[in-house]
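*Asks:* Before anything else, here's the structure in question.
The values are calculated or read from the model by the stated rules, or taken from the named source; none is laboratory data. This structure is a prediction, so every number in the text was calculated from the model and none was measured. Here the Cβ positions follow ideal geometry from the backbone for every residue, glycine too, while neighbour counts run over all protein chains shown.
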Amino acid sequence: MLKQLEAIETRYNELMTLMSQPEVAINPDLLRKYGQEQSDLSETVQFYQEYKQVKSELGDVKAMLSEGLDDPDERAMFKEEAEDLSAREAEMREQLRLMLLPKDPNDDKNVIVEIRAGAGGDEAGLFAADLFRMYSRYAEANRWKTGILSSNASGIGGFKEVIFQVKGKGAYSKLKYESGVHRVQRVPNTESSGRIHTSTATVAVLPEVEDVEIEVDPNDIRIDIFRSSGPGGQSVNTTDSAVRLTYLPTGLTVSVQDEKSQLQNRIKAMSILRAKLYDAEQRRIREEQGAARRSQVGTGDRSEKIRTYNFPQTRITDHRIGYTSHRLAPVLDGDLNEFIDALTSHDQAEQIKALSKG
């Protein structure tokens, strides 16, 4: 680990020298490239330098203790300082280990979240709406912006499907563990006998991608225009503004009808299509890599049951890591941090374990 940190510090210093060269200073693209690389390394380098300082201080204190101190009070003081510095050094070393883990290139991206009602009829649609509200509140707490890209209401306050965008730095790094099947156990309002029903909703979290990140040949896309309609066939507007995109090589389709403008619906549909194609490519790469880098938190498989929300017991359980909380109401109100932190820590621990074995 220390060799790797030394190499990072050396590269950081090299970049400082490079950016001071006249030929680089007059080249905006090169200056931007080197500047971004240096910025990416700066936090690790600064923390490593602090770590070296603590380690040096610890060495000095240990040297003083080894020489032998006649004054008992002075010896006790140095011993306490050595214990404090030793604990801090160990903590910083662990933090540096986490900093060296391979970074997910999608972590800083905005996301597109797709929630679909699963088994359970109307109750599943209401649960999908609960999840949409939960993620919207979580985004609000993080000062991220959200916007619905496409929705299909169930007519009783629920969603058959809702696709929305979350814009904010680090959105994918926090929400990426939410992909999978979410299950709810509760007594529906329409249930007169008080019987508990089990319903599901599927969540997919996709990193938003730009045109340059994934090439889509316009000739591979069929565009169909049709009239928007609301729940039960009710007309939303009187113009043909709804858009359906079909990616011909795979048959993947995306429909958007929320906007009155055909152009706006087409832009939203294209954004969703790019994200889905990128996600499919990423999953294909992960399959090829196999167990070499498959997160123990979960594969992100859409069919994987990841979490159960049990209302009678006010309990939420994440099945991937065996984590349970009885804070049902706050979590559904957007306070997801305890689950996201637990999932992140577990994933990091598994990565460290895999690296140490390698």
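*Asks:* Consider residue 41 carefully, then state whether it is in contact (Cβ under 8 Å) with a residue 12 or more places away in the chain, within 26 Å of residue 90 (Cα to Cα), part of a helix (DSSP H, G or I) and aliphatic (A, V, I, L, M). Quick ask: steps written out before the conclusion?
*Replies:* Numbers: in contact (Cβ under 8 Å) with a residue 12 or more places away in the chain: yes; within 26 Å of residue 90 (Cα to Cα): yes; part of a helix (DSSP H, G or I): yes; aliphatic (A, V, I, L, M): yes.
Here the answer is yes, as residue 41 does meet what is asked.
*Asks:* Suppose we filter 146, 198 for residues that are β-branched (Val, Ile, Thr) and over 25 Å from residue 269 (Cα atoms); which single one remains?
*Replies:* 198
*Asks:* Residues that are aromatic (Phe, Trp, Tyr), at least 2 per element: which strands (runs of 3 or more DSSP E) completely within region 121-192 meet that?
*Replies:* It comes to 159-167.
*Asks:* Which of the following residues is in contact with a helix residue (DSSP H, G or I) (Cβ under 6 Å, 6 or more places away or on another chain) and closer than 26 Å to residue 96 by Cα: 38, 49?
*Replies:* After ruling out the rest, the residue left standing is 38.
*Asks:* What number of residues within region 1-31 are hydroxyl-bearing (Ser, Thr, Tyr) and over 15 Å from residue 49 (Cβ atoms)?
*Replies:* Going through region 1-31 one residue at a time, the tally reaches 2.
*Asks:* Would region 22-35 turn up any residue that is assigned by TED's automatic domain parsing to the domain that holds residue 93, under 21 Å from residue 95 (Cβ atoms) and not in a loop (DSSP other than H, G, I, E, B)?
*Replies:* no
*Asks:* Acidic (Asp, Glu), at pLDDT below 85 and surrounded by 12 or more Cβ atoms within 10 Å (Cβ to Cβ): is that true of residue 104 in this structure?
*Replies:* Here the answer is yes, as residue 104 does meet what is asked.
*Asks:* Another one. Let me confirm something: among 191, 140, 210, which residue is charged (D, E, K, R) and either crowded, with 17+ Cβ neighbours inside 10 Å or more than 29 Å from residue 344 (Cα to Cα) (or both)?
*Replies:* 191
*Asks:* Another question about this same structure. Among the candidates 20, 56, 66, which residue alone is modelled with pLDDT under 85, small (Gly, Ala, Ser) and out of contact with any Phe, Trp or Tyr (no Cβ under 7 Å at 6 or more places or on another chain)? Don't jump to the end; show me each part of the working.
*Replies:* On the way: 20 fails: modelled with pLDDT under 85; 56 fails: modelled with pLDDT under 85.
Exactly one residue qualifies, and that residue is 66.
*Asks:* Residue 316 is checked against (1) modelled with pLDDT of 85 or more; (2) surrounded by 16 or more Cβ atoms within 10 Å (Cβ to Cβ); (3) farther than 30 Å from residue 189 by Cα and fails just one. What number does that condition carry?
*Replies:* The failed condition is (3).
*Asks:* Scan region 174-188 for residues that are closer than 30 Å to residue 348 by Cα and either at pLDDT below 90 or among the acidic types (Asp, Glu) (or both) and jot them down.
*Replies:* 178
*Asks:* Within region 302-339, take every residue that is among the basic types (Lys, Arg) and in a loop (DSSP other than H, G, I, E, B) and give me the one that is farthest from residue 202 (Cα to Cα).
*Replies:* This residue is 327.
*Asks:* Right, another one. Can residue 46 be described as part of a helix (DSSP H, G or I), loosely packed, with under 13 Cβ neighbours inside 10 Å and not assigned by TED's automatic domain parsing to the domain that holds residue 178?
*Replies:* yes
*Asks:* Here are some conditions: (1) modelled with pLDDT under 85; (2) of a type outside the set (Asp, Glu); (3) surrounded by 12 or more Cβ atoms within 10 Å (Cβ to Cβ). Residue 61 meets all but one. Which one does it not meet?
*Replies:* (1)
*Asks:* Answer yes or no as to whether residue 10 is among the β-branched types (Val, Ile, Thr), over 28 Å from residue 351 (Cβ atoms) and surrounded by fewer than 16 Cβ atoms within 10 Å (Cβ to Cβ).
*Replies:* Considered against the rule, which asks whether it is among the β-branched types (Val, Ile, Thr), over 28 Å from residue 351 (Cβ atoms) and surrounded by fewer than 16 Cβ atoms within 10 Å (Cβ to Cβ), residue 10 comes out as no.
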